Amino acid sequence: MGILELSQVQIANLNMLILVAECAKQDSATACSRFGLDAEQAEYVASLTYQDMLTLVAHLGDECLFLPRSNLVQVLAWPPQLAGALLMVHSPQAGKSNRPVQGNTGIPPASPEN
């Protein structure tokens with residue numbers, strides 16, 4: 001049997017497919033919420049065997065199946081201590097650009113003390 005060499009993108013795709021499938025097998029609603037899937041997608045991914053996933057990933061080449069959120073740069077610029085709370089109120093599709101305005105981290109300024 002030959003050795004299959006996967007690119008970094010293929011490895012990322014395989015890891016995400018395995019993660020989503022395992023989550024969907026345990027709790028489909030949680031998988032849908034965590035990964036932005038609908039019920040049909042979660043069910044389909046959960047039905048894939050490891051061999052199915054590996055074959056699919058190997059044939060897709062460097063096509064990323066799981067793209068970053070549209071506001072990724074903004075999220076990464078948030079203070080780590082606030083990032084979890086801020087993610088709860090910012091949808092993955094929030095923002096039109098991946099780049100925040102210079103000096104703008106998406107956090108509203110504190111109100112001035114009187």
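Going by the conditions given, is VAL9 assigned to a helix (DSSP H, G or I), modelled with pLDDT of 95 or more and under 26 Å from MET88 (Cβ atoms)? Criteria not met by VAL9. Determine the pairs where a residue that is touching a residue at least 12 places away in the same chain (Cβ under 8 Å), located within the range 36-52, has a partner that is in a loop (DSSP other than H, G, I, E, B) with Cβ atoms under 8 Å apart, the partner being 6 or more residues away or on another chain. That search, which allows pairs on different chains as well, returns GLY36/PRO92; VAL45/LEU37. For the range 67-97, taking the residues that are part of a loop (DSSP other than H, G, I, E, B) and loosely packed, with under 14 Cβ neighbours inside 10 Å, the one that is modelled with the lowest pLDDT is identified as SER97.
Of everything in the range 19-60 that is among the β-branched types (Val, Ile, Thr) and closer than 25 Å to MET88 by Cα, the residue that is surrounded by the most Cβ atoms within 10 Å (Cβ to Cβ) is VAL20.
The number of residues in the range 42-66 that are part of a loop (DSSP other than H, G, I, E, B) and more than 15 Å from ALA12 (Cβ to Cβ) comes to 2.
The values are calculated or read from the model by the stated rules, or taken from the named source; none is laboratory data. Keep in mind that this is a model prediction, so the values were computed, not measured. Every residue, glycine among them, receives a Cβ derived from its backbone with ideal geometry; neighbour counts consider all protein chains shown.
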